[in-house]
Amino acid sequence: MIAVIIIIIMAVLLLAAAIYSVIHRDLLFAVLGTGIVSLILSLFFYLLQAPDVALTEAAIGIALTTIIFIITIRNTTRDEDEIIDKENEKL
Amino acid sequence: MQEEFNEIFLKYHDIISLGVYGTAIGLILIGLYAVLMKKNLVKIVIGLTIIDAGIHLLFIGIGYINGGTAPIFSPGYEDAAKRMVDPIPQALVLTAIVIGFAVTAVALSLVIRLYKHHHTAKIDQIKSLKW
């Protein structure tokens, strides 16, 4: 029964992190949301008897994808609607 | 811990498989919403990675067998092939994770090039036909 509760909590957290990363306006927080999605997804892979896939997802999904997204945000804008950045350019 | 999980997986298999499939389809739908409705290019790439995650979870959930063990042979467990989960979807997903990372990197480099040229990352403000 505890395993069922853990699975349900993980599923709710996974969907909540995905929705958070889609609707948040600050792109840096959205990218961190995708990192949380990858973390909980690797726990799912471990519980579904796929430890090699869990290791690969933990390494590539959490670390490398987040790093290349942060490099992109540094070279483009951080705000989704580009309001804050244009005000900063005026100042 | 793992054997206890296996016993409980046997008992509540319907609830768990429903939860895994539902989570995978929910992730695919959320990513599809982000790809179709968002204007910012970085948000669209985030939606693509979420669709990737949902498809990977769906494949691993399809390959799971009721009360199975990890597909690894080790000394003393030579008869484990009867209880193993399907290793083919796991190998496919292992390849698809790496390919998905490469696709994400290419898409983000295109986003950076578009931003450097048009000074915006919103697709409704990029109106020129060639660049």
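What is the P(r) of the protein assembly as shown, as percent of Cα-Cα pairs per 5 Å bin from 0?
1, 7, 14, 18, 17, 13, 10, 7, 5, 4, 2, 1, 1, 0, 0
How many Cβ atoms of partner chains, on average, are near each residue of B:47-55 if near means within 10 Å of its Cβ? Intermediate values should be presented prior to the final figure.
Values: counts 4, 0, 9, 8, 0, 4, 10, 4, 0.
Per residue, the average neighbour count from other chains is 4.
So what's the angle, to the nearest 10 degrees on a 0 to 90 scale, between helix B:13-37 and the longest Cα principal axis of chain B?
10 degrees
Using a cut-off of 14 Å between beta-carbons, work out the net charge of the residues near B:Val35 (Lys and Arg +1, Asp and Glu -1, B:Val35 not included).
So the surrounding residues net to +2.
From the Cα gyration tensor of the stretch B:2-118, with a ≥ b ≥ c the square roots of its eigenvalues, which class applies: rounded if a/c is under 1.5, or else prolate if a/b is larger than b/c, or else oblate?
Details: a/c = 4.65, a/b = 2.06, b/c = 2.26.
Cα axes put the stretch B:2-118 in the oblate bin.
Evaluate the charge dipole of chain B about its Cα centre and quote only its size in Debye, nearest 20, assuming +1 on the Cβ of each Lys and Arg and -1 on the Cβ of each Asp and Glu.
Around 1260 debye, computed over chain B.
Would you please classify the overall shape of chain A from the alpha carbon gyration tensor, given that a ≥ b ≥ c denote the square roots of the eigenvalues, rounded means a/c under 1.5, and beyond that prolate means a/b larger than b/c while oblate covers the rest?
Verdict is oblate for chain A.
Kyte-Doolittle cut-off 0.5, length cut-off 24 Å along the helix's own axis using Cα: show which whole DSSP H helices in chain A pass.
Span-like helices here: A:2-23, A:27-47.
With axes computed from alpha carbons, what is the tilt in degrees of helix B:2-11 against the longest principal axis of chain B, rounded to the nearest 10 within 0 to 90?
Around 90 degrees separate the two axes.
Considering only B:Leu108, B:Pro75, B:Val98, whose Cα is most displaced toward the positive end of the charge dipole of the stretch B:73-131, charges sitting on Cβ of Lys, Arg (+1) and Asp, Glu (-1)?
Going by the Cα projections, it comes out as B:Leu108.
Relative contact order for chain B: what percent, with Cα pairs under 8 Å and sequence separation of 6 or more?
24 percent
Using only the alpha-carbon atoms, how far is helix B:87-118 inclined from the longest principal axis of chain B? Give it as 0 to 90 degrees, nearest 10.
Roughly 10 degrees between the two axes.
Tell me, what is the percent relative contact order of the stretch A:2-78, built from C-alpha pairs under 8 Å that lie six or more residues apart?
Numbers: 63 pairs, mean separation 21.3, N = 77.
Rounded, it is 28 percent for the stretch A:2-78.
Rounded to the nearest 20 debye, what is the charge dipole size of the protein assembly as shown about its Cα centre when +1 sits on each Lys and Arg Cβ and -1 on each Asp and Glu Cβ? Can you show the working numbers first?
Details: 16 positive and 19 negative charges, 209 e Å.
In debye, rounded to 20, the protein assembly as shown gives about 1000.
Only four residue types carry charge here, +1 at the Cβ of Lys and Arg and -1 at the Cβ of Asp and Glu. Report the dipole size of chain A about the Cα centre in Debye, rounded to the nearest 20.
Using Cβ point charges on Lys, Arg, Asp and Glu, chain A gives about 180 debye.
Rule-based calculations on the coordinates, nothing more; no lab input. In this text the structure is predicted, and so the values were computed from the model without any measurement. Cβ sites come from the backbone with ideal geometry, for glycine too, and all protein chains shown count toward neighbours.
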